[in-house]
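Single-structure report; data block below.
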Amino acid sequence: MKLTAVYKFCFVYFALCITLGLEGCSKDLDLKYHDIEPLTVIEAELTPEGFRASITLTTPMDEPMNRTRLTDALVTLRDLNSGDEFTVSPDEDGYFSNDIPGIEGHEYRLIVEREGNVYEMETTMYASTEILSMEFNWINMPYDQVAVLQVQYADNQGRDQECYWVKVYRNGEIYSWQEQDDRGAINGIATFFSMTSRRDTDEEDDDQVLFDGDVMTVSITQISKEMHDYLEALQNDSNGPALFSGRRVLGYFIASSPTSRSITFHPDQIPEYK
């Protein structure tokens, strides 16, 4: 089981967006950030393989990203259906982890105590979905052809507002991710699209370029509507709504059964989209 951090940017103390519409003049701006106490970040996931949580602190805008995991916390996982409760200890890598499997349909509460503060969040253990198909197609763009990865997966037609977290890995490393809901699903089939590499790799960004033989793996995890909104906020460069009770804290707790499927990138074998 691999916990993937979703933060693509350092959490800023104050977000500042300035638009200058004046022409013919310029002025040097001395931007200053206000110092505030770093916030705790909790990223926790329960799957059929077990539980893992990472606890870190936010990083000031003008400092390098600090992903040091904190272990000075008391972490408790409680199964609200069975009444079972587990105290989770940190491992040698700084993760709070155990191999107690999550049970589909059960409600779970995560309790984290640190420096006199108590943070709690509850979630449901969701079932896995089925990936039905996965393929690349070249599409024509004004600047070049682009390889689009298309994934179709099963959605429960009898339930509305189902949400998913789709993560794409390139050779085992995170490549991109996107939150989705079921509003675009047709006859129980939802579709995910991801624009990947240009055909002219010399003109492609190094972070996006794909080479012949690269293995692309898609992982799909069903999530709550609240988690969907949280991820959507992150995509828009916001810290997102608070999911934990207690003093302001960032992060999430999800319980689900991820499903994954892989495809190998062979540019000469990809058809053009019709």
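The values are calculated or read from the model by the stated rules, or taken from the named source; none is laboratory data. Quick caveat, the model's predicted, so the values are computed rather than measured. Here the Cβ positions follow ideal geometry from the backbone for every residue, glycine too, while neighbour counts run over all protein chains shown.
On the stretch given as the stretch 234-274, residues that are among the hydrophobic types (A, V, I, L, M, F, W, C) and over 30 Å from residue 114 (Cα atoms) total 3.
Within the stretch 100-117, the set of residues being in a strand (DSSP E or B), among the hydrophobic types (A, V, I, L, M, F, W, C) and either within 19 Å of the chain's Cα centre (by Cα) or over 15 Å from residue 88 (Cα atoms) (or both) comprises just one member, 110. Of the residues 219, 238, 224, 194, which single one is modelled with pLDDT of 95 or more and either surrounded by fewer than 20 Cβ atoms within 10 Å (Cβ to Cβ) or of a type in the set (Ser, Thr, Tyr) (or both)? Answer to the check: 219.
Going by what's in this entry, would residue 126 be described as in contact (Cβ under 8 Å) with a residue 60 or more places away in the chain, surrounded by 14 or more Cβ atoms within 10 Å (Cβ to Cβ) and closer than 17 Å to residue 220 by Cβ?
Working: in contact (Cβ under 8 Å) with a residue 60 or more places away in the chain: yes; surrounded by 14 or more Cβ atoms within 10 Å (Cβ to Cβ): yes; closer than 17 Å to residue 220 by Cβ: yes.
Judged against the criteria, residue 126 is a match.
On the given criteria, is residue 108 aromatic (Phe, Trp, Tyr), at negative phi and surrounded by fewer than 16 Cβ atoms within 10 Å (Cβ to Cβ)? Against the criterion (aromatic (Phe, Trp, Tyr), at negative phi and surrounded by fewer than 16 Cβ atoms within 10 Å (Cβ to Cβ)), residue 108 does not qualify. Taking the stated definitions as given, is residue 229 without any contact (Cβ under 8 Å) to a residue 60 or more places away in the chain, among the acidic types (Asp, Glu) and outside the structural domain of residue 175 (by TED's automatic domain parsing)? When the stated conditions are applied, residue 229 passes them. Give the stretch 199-217 a look and list any residue that's more than 21 Å from the chain's Cα centre (by Cα), touching a residue at least 40 places away in the same chain (Cβ under 8 Å) and not in a helix (DSSP H, G or I), or say none. The answer is 199, 200, 210, 211, 212, 213, 214. Filtering the stretch 190-213 to residues that are in contact with a strand residue (DSSP E or B) (Cβ under 6 Å, 6 or more places away or on another chain) and among the acidic types (Asp, Glu) leaves only 204. Restricting attention to the stretch 72-105, the residues that are surrounded by 15 or more Cβ atoms within 10 Å (Cβ to Cβ) and without any contact (Cβ under 8 Å) to a residue 40 or more places away in the chain add up to 8. The number of residues in the stretch 129-185 being farther than 20 Å from residue 270 by Cβ and not in a strand (DSSP E or B) comes to 15. Restricting attention to the stretch 81-139, the residues that are under 30 Å from residue 152 (Cα atoms) and of a type in the set (S, T, N, Q) total 6.
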